[in-house]
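Some notes on the structure that comes next.
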Amino acid sequence: MRTLSPAELKEWLDRRAVCLLDVREPEELELARLPEAIHIPLAELPARLAELDPQRPIVAFCHHGIRSELAARLLERNGFAEVAHLSGGIDAWAQAVDPSIPRY
């Protein structure tokens, strides 16, 4: 599993097709979101793995990076080929890349 900084994730998104996986809770989406992300809360992820393409690069994110690291490890254990998580989560993304995203 790889850990990406917000700047590294931006580079990935600029040059390749990446599946963004938001593992936060539904109420957190109301506060801040990346519109292109697929939302599967961490607690639901084991039961919903079939919704994701195991051959496509996936970058998981949450609020600060703790849940997304757990999600990335789960994906790896289940045969997903290229998995990363966003260090610092959507909060770090808002600070470093897109200040239009509200912080909470």
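The set of residues from the range 54-81 being touching a strand residue (DSSP E or B) at 6+ places or on another chain (Cβ under 8 Å) and at pLDDT below 95 comprises just one member, Arg56. Considering Val18, Val59, Val23, the condition of being of a type in the set (A, V, I, L, M, F, W, C) and in contact with a Lys or Arg (Cβ under 6 Å, 6 or more places away or on another chain) is satisfied by Val23 alone. Farther than 23 Å from Ile101 by Cα, among the acidic types (Asp, Glu) and modelled with pLDDT of 95 or more - does that describe any residue in the range 27-42? Within the range 27-42, none of the residues are farther than 23 Å from Ile101 by Cα, among the acidic types (Asp, Glu) and modelled with pLDDT of 95 or more.
The values are calculated or read from the model by the stated rules, or taken from the named source; none is laboratory data. Here the structure is a predicted model, which means the values were calculated and not measured. Note that we place each Cβ from the backbone using ideal geometry, even for glycine, and neighbour counts take in every protein chain shown.
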